[in-house]
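Just so you know, all these numbers are worked out from the coordinates, no wet-lab data involved. The structure displayed is predicted, hence computed values, not measured ones. Here Cβ is always computed from backbone atoms with ideal geometry, including for glycine, and neighbour counts include all displayed protein chains.
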Amino acid sequence: MVAVPVITVQHTLFAKDPEIISSVSDLDTLIKHAQLKGYTVAYLHGSKKAEQEISTLPAENKRYFHQPQRIFRLIELGKVGVYVAGPAISNRVILNRLFADTGIQEVAVISEFELFPYVHKKNIAYIPQLDQALRSMTEDGTLQRIRQIIEME
């Protein structure tokens, strides 16, 4: 296994409603506020992490969708309260490119975990070189700059 992570993946919350933005700061406040106010929390179909994070919400307060663009549009229209988005990096790009002028904001990062490159067993001989290259890119800031470039596009 490669010992150096390529990126830290974040799951984050996006919302537009000022009351949600001012009342929700983490996963616990999201769960309580969504139940109290009765709004829908959206997540992407197939995102096991997002589904797990909101598993304690009643069924009537959560709904999955197949496209992040659809969720952002529904937030813009006031039909969805919050989007539990992951990975945050790709959703920030979608927000910045397509929905920058809608008032939708990133509310909070609710989880982070590291992703490590997958190397097929037939290529395990390359792991030391890959580790060294990634370690070097982490130390000199190259991986962080790549992430910033991607997020700002």
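On the given criteria, is Gly78 more than 15 Å from Thr40 (Cβ to Cβ), of a type in the set (Gly, Ala, Ser) and touching a residue at least 60 places away in the same chain (Cβ under 8 Å)?
No, not satisfied.
Could you please tell me which pairs satisfy a Cβ distance under 9 Å, a separation of 6+ or placement on different chains, a first residue in the stretch 9-38 that is within 17 Å of Ile104 (Cα to Cα) and touching a residue at least 40 places away in the same chain (Cβ under 8 Å), and a second residue that is acidic (Asp, Glu) and part of a helix (DSSP H, G or I)?
From residues that are within 17 Å of Ile104 (Cα to Cα) and touching a residue at least 40 places away in the same chain (Cβ under 8 Å), the pairs are His11/Glu53; Lys16/Glu76; Leu30/Glu53.
When you check Asn96 against the structure, is it within 15 Å of the chain's Cα centre (by Cα), outside any strand (DSSP E or B) and surrounded by fewer than 13 Cβ atoms within 10 Å (Cβ to Cβ), yes or no?
yes
So, in the stretch 100-153, exactly how many residues are small (Gly, Ala, Ser) and touching a residue at least 40 places away in the same chain (Cβ under 8 Å)?
Number satisfying all stated conditions: 3.
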